1. Ranked from highest to lowest mean number of other Cβ atoms within 10 Å per residue, what is the order of the peptides 324-333, 246-255?
2. Quick one: net charge of D404's neighbours, Cβ under 13 Å, K/R +1, D/E -1?
3. Relative contact order of the chain: what whole-number percent is it, with Cα pairs under 8 angstrom and at least 6 residues apart?
4. What order do you get for 216-227, 419-430 when each peptide is scored by the mean count of other beta carbon atoms within 10 Å, highest first?
5. I'd like the carbon and sulfur percentage of the solvent accessible area for segment 273-331, probe radius 1.4 Å, heavy atoms only, ligands and nucleic acids excluded.
6. Grab the other residues whose beta carbon is less than 11 angstrom from that of S83, score K and R as +1, D and E as -1, and report the net.
7. May I ask for the equivalent-ellipsoid semi-axes of segment 142-273, computed as the square root of five times each C-alpha gyration tensor eigenvalue and listed largest first in whole Å?
8. For every helix of n ≥ 4 consecutive DSSP H residues, a contribution of -39,500 (n - 2.57) applies; sum these over the chain, divide by its total residues, and give [θ] at 222 nm rounded to the nearest 500 deg cm²/dmol.
Amino acid sequence: MNISDLTAKEGIFCTCGKTHFSGIDDVVIGSGALKRLPEIVRRYTSGRVFVLADPNTFAAAGKLCCGILKDGGIDFSLFVFESGCPAPNEETVGSAVMNFDTGCELILGIGSGVVNDTGKLLARLTGKPYIIAATAPSMDGYASATSSMERGGLKTSIPSVCPNVVVGDTDVLKNAPLPMLRAGLGDMLAKYVSVCEWRIAHIVTGEYYCEYIAGLVRSALEKCIKNAGGLLSRREDAVEAVFEGLVVCGLAMSFAGLSRPASGVEHYFSHIWDMRALEFGTPAHSHGVQCALGTLLAVKLYEKLKAFRPDRERAFSAVESFDKTAWNGELRRLLGRGAEAMIALEARENKYDPQRHAPRFEIIADRWGEILDVISRELPCPEELEKLMDSLGLPVKPAALGLDEDIGTVFSATKDIRDKYVLSRLVWDLGLSGEISPENL
């Protein structure tokens, strides 16, 4: 797979019946890639560039980028957030908007998660071209057309834009802090679960699924796993493999028009933990590290699920006895204000309605063998995954990160985050919420 083939202007006509467009013009990865910034910028403008960074990313690559622009005869305005760790919220986006130089014709983000998400939103709001100069192989949002933000206490994906160009200079990326290197691999490990759940959702709900896109994600993940051993030693080929995998997964989301190829219940564990931290000050860690832990929990829970068979009486009895009012109270206790958006979503979705549950259950029961086959084919052995994560310094127990509090309720709450069919919904549909829970691992 050549990543440049995925950005073809004419798109990729697929057997799924769609033509996949990335929204990205180019991906530039390699040693010294930042030296090409003047050439890349001039593809879009001869005018001034708005450079967006935070103090950490400015130190990592911002100063270098400004020097390269200056030497290339390109005028620019610089805005650096006050905080070294800007929060993904309205205040951060508002600060970028308020400080945007309207005389600029292009936006250059220098950073990773929050800087990139903010830059993509700023590009959408201003209509300007956007280039991201990556500073860490830490997350898969570089090439996606959404921005992950906290709004009203709920972690949500907001439509933004794909960057026009993604630049990953391995001389910069390999020197990212080790926790960010681990986070990038953690976000890639999540793809085991995301592809598995995409296929299951296709079976149960008829949701759109594309094998070509799923294959891209599998290939990128396989390459990352093969190179995982060299990541912590900052081996350039390993760092490049992880970064390329993260970009490919962002392209996969753009192709699909949704986050399915790269995000499942493992991401929802992370979202719940982030929401609790925002509301109550409980522990929270980097997105990729939390996703890695969520992946291991999900893989172990799927392994347990394989021992069960659909039981109509048990499932229907559990649905009939489900107390939505009591459950809403649990959500409010767990998440505070963030619960309200989830409760409002269910009021529109009605996934707990027995009349909506019944046809889902019949499909699950009829196609249980197919669902088990998907689980077995897509997910790794839990013991092998745990061994790999442990060797890389990724947490394998919620308690290691202080995230073991209310872990059973956290898992149950993942089914309310989005209108997306994930493991916790399958467990609820089967009437197995008491048996399939992280509390029992």
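The values are calculated or read from the model by the stated rules, or taken from the named source; none is laboratory data. All of these numbers come straight from a predicted model, not from anything done at the bench. Cβ sites come from the backbone with ideal geometry, for glycine too, and all protein chains shown count toward neighbours. Please note that ligands, DNA and RNA were not included when accessible areas were found on the heavy atoms of the full protein model with its side chains. Shrake-Rupley method; radii C 1.70, N 1.55, O 1.52, S 1.80 Å.
1. 246-255, 324-333
2. Summing Lys/Arg as +1 and Asp/Glu as -1 gives -1.
3. Reported as a whole number, the value is 15 percent.
4. Listed from highest to lowest mean packing, they are 419-430, 216-227.
5. For segment 273-331, the apolar C and S fraction of the accessible surface comes to 51 percent.
6. Result for the local shell: -3.
7. Numbers: eigenvalues 121, 61, 43 Å².
After diagonalising the Cα gyration tensor, the semi-axes are 25, 18, 15 Å.
8. Working: 19 runs with 225 residues, N = 441.
Here the helix-only value at 222 nm equals -16000 deg cm²/dmol.
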